[in-house]
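Notes for the one structure printed next.
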Amino acid sequence: MTTGRFAPSPTGILHLGNLRTALASWLSARAARGRWLVRLEDVDGPRCRRELGEAQLRDLAALGLVSDAPVVWQSERGATYRAALETLHAAGRLYPCACTRKDLQLLASAPHAEDGLRPYPGRCRDRAWEGFDRALRLRLPEGPLAWEDRVLGAQTDDPAVFTGDPLLFRRDGCFAYHLAVVVDDGAQGVTEVVRGADLRPVTATQVRLQEALGLPRPAYGHLGLVAAPDGGRLGKRAGALGVAALMAGGVAVPEILGWLGWSLGCLARPEPCRAEDLVDAFAWDRAPAGEVRVPAAWT
Ligand code: GLU
């Protein structure tokens, strides 16, 4: 069965870009009469807060987007991630990394464009195994990987260019983003991953990790990002563009949904609607690959 998911990190409010991703993943799953799941990716210690995750769930519910299964919080799944590390170690795919704590913190989070992408140069590749209490990296196979994106078409990426050998476990005991996302997509039977184009560059790395764990490859769709009215980054203004702030500014939920649906190619013009009104009009070949800008009146 088609299983889609939305997997935000609870580090802030969901801005219009996040909401657009959430709606697209929901519409794609609903259009296929499949399931849609929400997973809170809160492995990254202090940056993630439970109450922010709860607020994100409330905002999704306000749009009519509710997980079809109990919401998964990654901070509760350490034993599963540890078991995956043991599988990888048994297959000879892990090595300890002795690079500095600062480097590791920079590399551990979801590598969105604003953080820059820093491929790991493989400095510790030949270190002997020292146990599971070290920072651990996955030894990637050499060479590029071809994969298909529903929005962007055929892609070929060499993980060495974007991530290098990914960090899967940090010395401070945190499991890293790449491990948690791949293990959970597998455990939850996710068949399609819909997310922002800022994560496109790490897809090949995640596919290599799926292969190492013997997990099936989901379909991928990376959506163009949402920009400010002048084309600038939304990030800086995101505080003003969450559901609560938009509503406080007089923008009702059906208007938000109408704009999101229009931006995904489901409506000829932004007009108020409910999420379910958009299901039949949703099609991947209508979703624009380029960036969309939020209405100036909303900022
Ligand atoms: N948790 C990641 C984020 O905050 C998304 C991971 C994914 O969708 O694969 O953007």
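The values are calculated or read from the model by the stated rules, or taken from the named source; none is laboratory data. Nothing here was measured: the structure is a model prediction, and the numbers come from that model. These accessible areas exclude ligands, DNA and RNA; they are computed on the full protein's heavy atoms, side chains included. Shrake-Rupley method; radii C 1.70, N 1.55, O 1.52, S 1.80 Å.
Per residue, the accessible area of the chain comes to 42 Å², computed with a 1.4 Å probe over protein heavy atoms only.
Ignoring ligands, DNA and RNA, how do 127, 39 rank by accessible area with a 1.4 Å probe, largest first?
127, 39
Considering only 23, 88, 65, the mean-square fluctuation computed in a Gaussian network model of the chain, springs between alpha carbons under 10 angstrom, is largest for 88.
Among beta bridges from DSSP that stay inside the chain, the antiparallel ones total about 45%.
Heavy-atom accessible surface of residue 277, to the nearest 10 Å², is about 80 Å², with a 1.4 Å probe and all protein chains retained. Taking all protein chains together and a 1.4 Å probe, the residues 75, 67 rank 75, 67 from largest to smallest accessible area. Among 256, 13, the sequence by solvent-accessible area, most first, with a 1.4 Å probe is 13, 256. Here the sum of -39500 (n - 2.57) over DSSP H runs of 4 or more residues, divided by the residues of the chain, equals -9000 deg cm²/dmol at 222 nm, to the nearest 500. Heavy-atom accessible area for residue 15, with the other protein chains in place and a 1.4 Å probe, reaches approximately 40 Å². Under 10 Å, Cα contacts only: if you run a Gaussian network model on the chain, which one of 38, 251, 207 comes out with the highest mean-square fluctuation? Answer for the Gaussian network model of the chain: 251.
Mean-square fluctuations from a GNM of the chain, with a 10 angstrom spring cutoff on Cα atoms, peak among 285, 126, 157 at 126.
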